[in-house]
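Below you'll find the structure, written out as structure tokens, and then a few comments.
The values are calculated or read from the model by the stated rules, or taken from the named source; none is laboratory data. None of these values were measured; they are calculated from a predicted model. Cβ coordinates were reconstructed from backbone atoms using ideal geometry, including for glycine residues, and neighbour counts include every protein chain displayed. Side chains are part of the model used for accessible areas, which takes the heavy atoms of the whole protein and leaves out ligands, DNA and RNA. Shrake-Rupley method; radii C 1.70, N 1.55, O 1.52, S 1.80 Å.
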Amino acid sequence: MYAKLVYVMIRTQAHALLCAFVALSMLLILQPASAEVIFYADFEDGIGVNDPAQWVPDNAGQTWGIANFPGSGKGLKNLNEGCGSSGNTPLPGVTNFKDGIIQLDMSWDDDDSWGVVLRKTADNAGYLVVFGYIETPGVLITDLADGCAATGNCLDQVGCENGGKELIQVPHGLGTGLTQDLSVSYTGRIEAKGDTIRVWYLPTASIVDPLGDLGKPLVEFQHGAHAGPGSVGIWQE
């Protein structure tokens, strides 16, 4: 599993922290005059936040490295496989996310799920949005208060994937026969605003304007338990 760029932005008019994986897709909601980039990583030069050593997992058994990302240069790669190495890795220096956009491009060399933790203020406070692939062909929104995103456990082991603890689980509609050779990229977008979380998930190649409207969200869910501000992280199973 690879991820490419990372942006963090502040919407100066509304004072809302914005965070995004795979940068260029981030600017679509905001006008340049109302946004400031405060965090950016493309993993190309290995310096600062482009250095995987800066990405410190909550699970010491999880390891990040840099590898070639198909058609896009270098990307961040999870080097360990297995439920024992599952867990969250906070974005370096991002601790104050409340309302905003998180966006990422993803490519798989296995069948597992990939997620984003947001508004995390404690191990049991925040949300995990999961982009399933083959093993779980859906998008999930889960609550850390239900034990989801527990370090060292796959989601199904804690009942948060096909297990009933999900806040919502919606089929991703990407079809069958999905590749596991990093040849296809998918884009995921999360928009958090107040009590509402919206999620989009589609093949990157199908997006005409990565800075534009992605159409109707696949998931729209209201839940007010975790308003933030809190940290943002990438969660790998």
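Tabulated data
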{"item": "Among residues of the range 188-224, those that are touching a His at 6+ places or on another chain (Cβ under 8 Å) and either acidic (Asp, Glu) or over 30 Å from Ala125 (Cβ atoms) (or both), counted", "result": "1"}
{"item": "Condition check for Gly152: touching a residue at least 60 places away in the same chain (Cβ under 8 Å), over 14 Å from the mean Cα position of the chain (by Cα) and assigned to a loop (DSSP other than H, G, I, E, B)", "result": "yes"}
{"item": "Strands (runs of 3 or more DSSP E) contained in the range 71-141 and holding at least 3 residues at pLDDT 95 or above", "result": "114-122, 125-131"}
{"item": "Selected residue (criterion: surrounded by the most Cβ atoms within 10 Å (Cβ to Cβ)) from residues of the range 200-233 that are at pLDDT 90 or above, touching a Leu at 6+ places or on another chain (Cβ under 6 Å) and among the hydrophobic types (A, V, I, L, M, F, W, C)", "result": "Val232"}
{"item": "Residue check for Phe39: modelled with pLDDT under 90, crowded, with 20+ Cβ neighbours inside 10 Å and over 28 Å from Cys154 (Cα atoms)", "result": "yes"}
{"item": "Among residues of the range 144-173, those that are touching a Leu at 6+ places or on another chain (Cβ under 6 Å), over 21 Å from Thr187 (Cβ atoms) and open to solvent by 10 Å² or more (accessible area, probe 1.4 Å), counted", "result": "2"}
